[in-house]
Structure formats: C-alpha cells, structure tokens
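Student: Before anything else, here's the structure in question.
The values are calculated or read from the model by the stated rules, or taken from the named source; none is laboratory data. Everything quoted here is computed from the prediction, not taken from an experiment. Here the Cβ is made from the backbone with ideal geometry for all residues, glycine too, and neighbour counts use every protein chain on show. Each accessible area value is taken on the protein alone, full model and side chains, heavy atoms only, with ligands, DNA and RNA left out. Shrake-Rupley method; radii C 1.70, N 1.55, O 1.52, S 1.80 Å.
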2 protein chains.
Amino acid sequence: MSQERVYTEPEVLERLKELAGWDLRDGWLRRKYRTPGWSHTLMLANAIAYLAEAAYHHPDLSLGYAEITVKLQTHRVHGITDNDFELAKKIHEVVTWKPPPGGALPGYPKKWIE
Amino acid sequence: MSQERVYTEPEVLERLKELAGWDLRDGWLRRKYRTPGWSHTLMLANAIAYLAEAAYHHPDLSLGYAEITVKLQTHRVHGITDNDFELAKKIHEVVTWKPPPGGALPGYPKKWIE
C-alpha cells in the first residue's frame, strides 16, 4: 500500500494500453474472459480467487455459462489505483497462460480461456 | 509432447535442485504445500487444477485440513518426463506468488501458502 494515488480517467486509459482486453466502465477496470463452458468457468473463478487472496485485493466477478467478467476498483477511495492495475496484470498473466510451443506439455486441446 | 525422455533417478534428483521443496518418492515428483486452513486448501486445489488443465497434464492431489500434497508422473511411460518438471515449475511459481515488496498490493496479512 505504498501508493494511494487515484488515477484520472485519461491516465487509466493510457495505462490500459498495457492490459490486453481490459477497459474502464462505470469506474471499474473490467475484462471479460471466455471459457470452454461451465466447469472451466468455475475453475477460472477459483484461479482468480486464489490470486486475489494472495494479493489481498478482491475483484467482483460475474459468472455466465462460458464467461466471467472481472471488475476491479479500490473501494476505500472509490477509484482506480495501482492495486487494481497490479492485480489485473497478475490475473491476466496467470489465467491466459498456455504451455510454450516446443515444450513438453501438450496444452489444452481446444480453445483455451482468453 | 516434443520430449518423451524418461529421466533416471539420478537425473531427476539433479533437476530437482531447481525446484524448491520438491522431492522424488515412489516414482513421483512430490511437493507438500501448507495453507492457512481448509478454505485456502480448497482454493489452492482449484488453482493447481486450473494450471493442470491449461497444461493438459494432471497431477494427483491429496488434501488435508491445512496442506496439499501434489504428485506428478507421466502415466503413459510410468516415469518422470519434461511434462512433470515443466508443470511442477509452473505450479510452484503461481501458487507461491506474493505481491512484491514496495508495490501497491498489500498481500495476504498472515502466513501465505508455501
């Protein structure tokens, strides 16, 4: 919690250029992830929950059959802070991870979460 | 699946030097993670499950109240291959992640999973 700087909307939009697929809506950083179906949706929710608990900063999640919308905001300041950017980046890195081509691991045989 | 090389026991032990806390027991790569309690144990199981599905290589898990034992082996060759090392490394990296000191995220306020 070294930073409590609240970013302005233009600043948020600038920083979002580094976060593929994330946008700003109604004061929240937001990203929709599409999954192969319900069981993977639940696995994704749990993976995000694990990272949120490690970070101790918790997003709102909305689950559909084959999608999750993640929403991040720093509640105590009603705005977007480095907490939100840092957790968005970590979530995105982990949940879109796929084994690198040329490695041993086969990877999920259909379209993975993105 | 570019590699189906099965590692000998001395080779496995050599490579395990790069994987903190993992050992070889009864032909499995094995690591015990300790958690703050049952709800975190379940979150950890789900986080590992998510990575395993992305990799499409699945460990055996044994859950206790505040611990999980992860076991990896390449079933079709009854031995340890690069699949096991690569997934062990990824699991370890993600499940022991903590926000870096000096960043905005506070991190879990008690002892995190290790």
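Student: Looking at the stretch A:56-81 only, could you name the residues that are more than 13 Å from chain B (Cβ to nearest Cβ), in a loop (DSSP other than H, G, I, E, B) and open to solvent by less than 80 Å² (accessible area, probe 1.4 Å)?
Tutor: Result: A:A66, A:Q73.
Student: Of all residues in the stretch B:26-41, which are within 11 Å of chain A (Cβ to nearest Cβ) and either surrounded by fewer than 16 Cβ atoms within 10 Å (Cβ to Cβ) or part of a loop (DSSP other than H, G, I, E, B) (or both)?
Tutor: B:T35, B:P36, B:S39
Student: Taking the condition of being within 7 Å of another protein chain (Cβ to nearest Cβ) and among the small types (G, A, S), how many residues in the stretch B:42-55 meet it?
Tutor: The number of residues fulfilling the criteria is 4.
Student: Of a type in the set (A, V, I, L, M), in contact with a strand residue (DSSP E or B) (Cβ under 9 Å, 6 or more places away or on another chain), in contact (Cβ under 8 Å) with a residue 40 or more places away in the chain and closer than 28 Å to A:A45 by Cα: does that describe B:L63? Can you show your working first?
Tutor: On the way: of a type in the set (A, V, I, L, M): yes; in contact with a strand residue (DSSP E or B) (Cβ under 9 Å, 6 or more places away or on another chain): yes; in contact (Cβ under 8 Å) with a residue 40 or more places away in the chain: no; closer than 28 Å to A:A45 by Cα: yes.
Spelling it out, it is not the case that B:L63 is of a type in the set (A, V, I, L, M), in contact with a strand residue (DSSP E or B) (Cβ under 9 Å, 6 or more places away or on another chain), in contact (Cβ under 8 Å) with a residue 40 or more places away in the chain and closer than 28 Å to A:A45 by Cα.
Student: Determine whether B:L87 is part of a helix (DSSP H, G or I), among the hydrophobic types (A, V, I, L, M, F, W, C) and facing another protein chain (nearest Cβ under 9 Å). Spell out the reasoning first.
Tutor: Numbers: part of a helix (DSSP H, G or I): yes; among the hydrophobic types (A, V, I, L, M, F, W, C): yes; facing another protein chain (nearest Cβ under 9 Å): yes.
Yes.
Student: Give the number of residues within the stretch A:27-43 that are in contact with a strand residue (DSSP E or B) (Cβ under 9 Å, 6 or more places away or on another chain) and at positive phi.
Tutor: 1
Student: Of the conditions (1) open to solvent by less than 70 Å² (accessible area, probe 1.4 Å); (2) within 14 Å of chain B (Cβ to nearest Cβ), A:R15 satisfies every one except a single condition; which number is it?
Tutor: A:R15 satisfies every listed condition except (1).
Student: Considering A:I68, A:I80, which residue is of a type in the set (A, V, I, L, M), in contact with a strand residue (DSSP E or B) (Cβ under 8 Å, 6 or more places away or on another chain) and over 30 Å from B:E114 (Cα atoms)?
Tutor: Details: A:I68 fails: over 30 Å from B:E114 (Cα atoms).
After applying the criteria, what remains is A:I80.
Student: Then there is this: Within the stretch B:90-114, can you find the residues that are part of a helix (DSSP H, G or I) and either facing another protein chain (nearest Cβ under 7 Å) or in contact (Cβ under 8 Å) with a residue 24 or more places away in the chain (or both)? So that I can check it myself, show each step before the final result.
Tutor: To start, the set of residues in the stretch B:90-114 that are part of a helix (DSSP H, G or I) comprises B:90-95.
Within the stretch B:90-114, B:K90, B:I91, B:H92, B:V94, B:V95 qualify.
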